[in-house]
Amino acid sequence: MSTTHKRAVFAAIAGAALLLFAAPGLRAQQATVIELTQTPCQFLESENGIDRGFTSQQKSDCEAINAATGESRLAEAKVIALKPGHYIFRVTNKNVPYELGFWLRESDYDWKNPLHKLTKTSVSGGGLTTGVTKDYEVELGEGDYLYSCPLNTTPDYRLEVRG
């Protein structure tokens, strides 16, 4: 193998390694960060910054609160409008005394449908104890989405992605 050929092969391998190992960091730098704050039974930003002052010691407290107030709150809730692209949803548990999570999915996503797990967008996770912030990274295409916290039982807030 000639020296020129060896250099070309080395350059190709180095370029591939750079893409493989640096690409996630580069994508994260290019992502738009959307910050969301959870208080008992709600996301503050989704409800136009209004802290409803709910108190909750467990999931069932929020289920009862949302059964009584969820529909009217959703009618007034802010719909997040975004363009297609790469996003990081930075979610904080401000003051809920138990572990929370976050779930963003296409509006017609059905977790029971195995095909949706392969063909639809859904990102989720837990581990949000009091005062903790976590990032949820996702690529969003055009469409309608819902986001919520199944552990803090918030309403299913709306997110629209349009080009």
Problem set entry | Residues of the range 40-56 that turn out to be assigned to a loop (DSSP other than H, G, I, E, B), out of contact with any helix residue (DSSP H, G or I) (no Cβ under 6 Å at 6 or more places or on another chain) and open to solvent by less than 40 Å² (accessible area, probe 1.4 Å), as a count | 2
Exercise. Do we have any residue at all in the range 119-134 that's over 19 Å from residue 74 (Cα atoms), surrounded by fewer than 14 Cβ atoms within 10 Å (Cβ to Cβ) and in contact with a helix residue (DSSP H, G or I) (Cβ under 8 Å, 6 or more places away or on another chain)?
Worked result: no
Exercise. All but one of (1) β-branched (Val, Ile, Thr); (2) without any contact (Cβ under 8 Å) to a residue 60 or more places away in the chain; (3) open to solvent by 20 Å² or more (accessible area, probe 1.4 Å) hold for residue 96; which doesn't?
Worked result: (3)
Problem set entry | For residue 140: the one exception among (1) closer than 15 Å to residue 34 by Cβ; (2) hydrophobic (A, V, I, L, M, F, W, C); (3) open to solvent by 20 Å² or more (accessible area, probe 1.4 Å) | (3)
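The values are calculated or read from the model by the stated rules, or taken from the named source; none is laboratory data. Just so we're clear, the structure is a prediction, and the values are computed from it rather than from any experiment. Backbone-built Cβ (ideal geometry, glycine too); neighbour counts: all protein chains shown. The protein model used for the area step is the full one, side chains on, heavy atoms only, and it has no ligands, DNA or RNA in it. Shrake-Rupley method; radii C 1.70, N 1.55, O 1.52, S 1.80 Å.
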